[in-house]
1. Is there a residue in segment 106-113 that is exposed (fewer than 15 other Cβ atoms within 10 Å of the Cβ) and modelled with pLDDT of 90 or more?
2. Find the residue count for segment 47-69, including only residues that are within 17 Å of the chain's Cα centre (by Cα) and farther than 19 Å from Thr107 by Cβ.
3. Select from segment 205-235 the residues that are of a type in the set (Lys, Arg) and farther than 22 Å from His140 by Cα and write down the one among them that is least open to solvent (accessible area, probe 1.4 Å).
4. Write out, first by first residue and then by second, each pair whose Cβ atoms fall under 8 Å of each other, whose residues are 6+ apart or on separate chains, and whose first residue, in segment 160-177, is buried (at least 20 other Cβ atoms within 10 Å of the Cβ) while the second is of a type in the set (D, E, K, R) and part of a strand (DSSP E or B).
5. Quick one: how many residues across segment 102-153 are touching a residue at least 40 places away in the same chain (Cβ under 8 Å) and of a type in the set (Lys, Arg)?
Amino acid sequence: RIQTSIQKDLRLSERHSNFLLSVTHELKTPLASNKLYLQTLLKHTSLSESKKEEIIAQALNENKRLEAMIENILTATRLDNHHFELNKSEIDFSSFLLEIAEKWSRTRNAVQADVEKGIRFKVDPFVIDTIFNNLLENAHKYAGKNAVVTIYARIEGNHIVCGVKDDGPGVPEQFRNEIFEKFTRIGNEETRIEKGTGLGLYIVKELVEMKDGNIVCLSNGDKGTNFEITLPYGK
């Protein structure tokens, strides 16, 4: 038991160190990029309007990425400190998911939707937005550029079954439970290509469980990953 406890503490310490390395890199990258964009605009005053607009759009995208990372860190902190409060209201869950898919398709990557119409229930819109944006961000990073990503939802009995699936390389079975732990990212932080802090799936799991729900990482048939959420319908 003592050896198991020590190994667990060592793994947590390693994940925490990886998190600090990752956050440092994630903070520096958009700041350095935006500094370069601003310097370009200042030095090259003769740039065409279209080029200026392109540079500004790139700077705004970097800023959005920075905002999303900071919001995830703040959300994780509130969850850990039990300071996260739900502000529930009845929403058209089906339309809400379709809007998320449309926004991603317009601004990031194409997202298909397989959403049953007319699903309505009482929930905190921020929670649903956070859950699905983190799942889509995860698919965006790890499924590959040409992957087919689908957001889905349907009613099964007294539950809503929903989630995000892709046809990327998938998650090895031995890591499917571990990836929901805080700071966990598969691979070595110093050589990993994909960006991230290891908080996204942890936040998703915590928020789903606040709704008395459950999330699992499944295979998407022969290829890819399926993050499937089951929520009590009507709660």
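The values are calculated or read from the model by the stated rules, or taken from the named source; none is laboratory data. Just so we're clear, the structure is a prediction, and the values are computed from it rather than from any experiment. Here the Cβ is made from the backbone with ideal geometry for all residues, glycine too, and neighbour counts use every protein chain on show. Heads up: the accessible areas ignore ligands, DNA and RNA and are worked out on the full protein's heavy atoms, side chains in. Shrake-Rupley method; radii C 1.70, N 1.55, O 1.52, S 1.80 Å.
1. Yes.
2. Qualifying residue count for the region: 0.
3. The extreme case among them is Lys211.
4. Ile160/Arg154; Cys162/Arg154; Cys162/Glu228; Gly163/Glu228; Lys165/Glu228
5. Number of matching residues: 2.
This table checks each residue for (1) open to solvent by 40 Å² or more (accessible area, probe 1.4 Å); (2) in contact (Cβ under 8 Å) with a residue 12 or more places away in the chain; (3) touching a strand residue (DSSP E or B) at 6+ places or on another chain (Cβ under 8 Å); (4) farther than 24 Å from Ile151 by Cα.
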| residue | (1), (2), (3), (4) |
| --- | --- |
| Gln58 | yes, yes, no, yes |
| Asn63 | yes, yes, no, yes |
| Asn81 | yes, no, no, yes |
| Leu97 | no, yes, yes, no |
| Ile100 | no, yes, yes, no |
